[in-house]
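Read the structure below first, then the notes.
The values are calculated or read from the model by the stated rules, or taken from the named source; none is laboratory data. This is a predicted model, so every value here is computed, not measured. Using ideal geometry, Cβ is built from the backbone for each residue, glycine included, and neighbour counts are taken over all protein chains shown. In case anyone asks, the SASA skips ligands and DNA or RNA and just uses the protein heavy atoms, side chains included. Shrake-Rupley method; radii C 1.70, N 1.55, O 1.52, S 1.80 Å.
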Amino acid sequence: MLRLVSLKLGRLYRYVKLAVLGSLAAALVLNTHSLLASLQRNELSERRFLQLNKCPACWGTSWCRKFLNGQLRLESWGRLRLFDFFNVKNVYFARYGEPREGSRRVVLKRLGSAQELADIDTKICRRATGRGRCDLLQALHATEFASLNGDVRLLTPDAVEGWSDLVHCPSQRLLDRLVRRYAETKDSGSFLLRNLKDSERMQLLITLAFNPEPLVLQSFPSDEGWPFAKYLGACGRMVAVNYVGEELWSYFNAPWEKRVDLAWQLMEIAEQLTNNDFEFALYLLDVSFDNFAVGPRDGKVIIVDAENVLVADKRFIRQNKPENWDVWYESKFDDCDKEACLSFSKEILCARVTVDHNYYAICQNLLSRHATWRGTSGGLLHDPPAEIAKDGRLEALLDECANPKKRYGRFQAAKELREYLAQLSNNVR
């Protein structure tokens, strides 16, 4: 009986699969003319595709000349709107060309799904008129995005606190940094909000409220050594960032020596974001194999999804001294049955100077045996060589880093793990 059921299910699966493939083939045949047309034209030079008409309810306009002049072109299948159904995250690969420099690959992001972008318009309309649909540009002037007008000198914590992870607990020092480094203005370098044009100010605030990833990349730029993709510019609701390389996931079964080097880099990133000379702690609230990429030439690990980054100002915490501010905080291990689980309290991350969250996130979700992703387990450091496995030190450090048994054990384990991985990496080079 069980075999009969399994055979029927297998046949049903094949029929469904054939039906889906048949539907796609039919769609391709019926839309051949429009498909050929879409391959020939450059949608990245079209204002409607860029949603430039939504501005200033958009991400910026600094790269509009490059887009509209046809300097960017979508790659291969990215030109076919038929496949947008599978591109839920609205991430595209394109070629960007300068007349004297040739072309290079870039990544384009709408910073949200089609539904999430539609929700932005709905929220703006509801805030302004109480209705879900309205004249978006008119409605903007009745929202908090317009209330911070040219008469307002500074962007202050009480105005934007809690708008997004980036400003869940902002200090004035952080907000001054965001304004001073805002790249969607020709007059960058000033921390005075009133020095921005009305449209630039609203673009900054809308980006801060709905997806602050561009502001993270601008405020903590790769040019200064931060482990984020390089921000290039925006046009309408399309942001361009530098293409880094293949996702970390593609290295899951790479040679052992390569995986050791990548693991060491990941722990170094956790350390840099936690402890740095600027006294800003950048906590990664979403850690998975898809959020990191590896440079093909230098092998450098870079964060390519920075939407969910909480920034805590350690200097501000020391000055204000909230309750237990100087007590070391240990993140709680989360043994859930889903992929990329993390357990954290934003309030505690905002109120403690010494926090092990980044070590915990990297160890649990990427490196240790607890890491699960796309049906795999064992983490990036799975199946070590026999001598490493027999020694047992690596497994012990990974376990203590992910799920510590001693008080403050993760802090010590993370330090020793970084040193041990550095030693292993040097030995295999």
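So the values come out like this:
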{"read-out": "Qualifying residue in region 375-393 (condition: under 30 Å from the mean Cα position of the chain (by Cα), outside any loop (DSSP other than H, G, I, E, B) and among the small types (G, A, S))", "value": "yes"}
{"read-out": "Looking only at region 291-323, and only at residues there that are among the basic types (K, R) and touching a Phe, Trp or Tyr at 6+ places or on another chain (Cβ under 9 Å), the one that is surrounded by the fewest Cβ atoms within 10 Å (Cβ to Cβ)", "value": "R318"}
{"read-out": "Whichever residue in region 325-374 is in a strand (DSSP E or B) and among the aromatic types (F, W, Y) and, among such residues, is modelled with the highest pLDDT", "value": "Y329"}
{"read-out": "Lone qualifier among L366, L342 - being within 18 Å of N308 (Cβ to Cβ), open to solvent by less than 10 Å² (accessible area, probe 1.4 Å) and not hydroxyl-bearing (S, T, Y)", "value": "L366"}
{"read-out": "Test: K415 is within 17 Å of Y329 (Cβ to Cβ), open to solvent by 90 Å² or more (accessible area, probe 1.4 Å) and part of a helix (DSSP H, G or I)", "value": "yes"}
{"read-out": "Some residue of region 143-154 being of a type in the set (A, V, I, L, M, F, W, C), at pLDDT below 90, in a loop (DSSP other than H, G, I, E, B) and farther than 30 Å from Y243 by Cα", "value": "yes"}
{"read-out": "Single unsatisfied condition, Y92 versus (1) open to solvent by 20 Å² or more (accessible area, probe 1.4 Å); (2) hydroxyl-bearing (S, T, Y); (3) at pLDDT 90 or above", "value": "(1)"}
{"read-out": "Residue within region 324-331 that is among the aliphatic types (A, V, I, L, M), under 23 Å from the mean Cα position of the chain (by Cα), open to solvent by 20 Å² or more (accessible area, probe 1.4 Å) and more than 20 Å from P255 (Cα to Cα) present", "value": "no"}
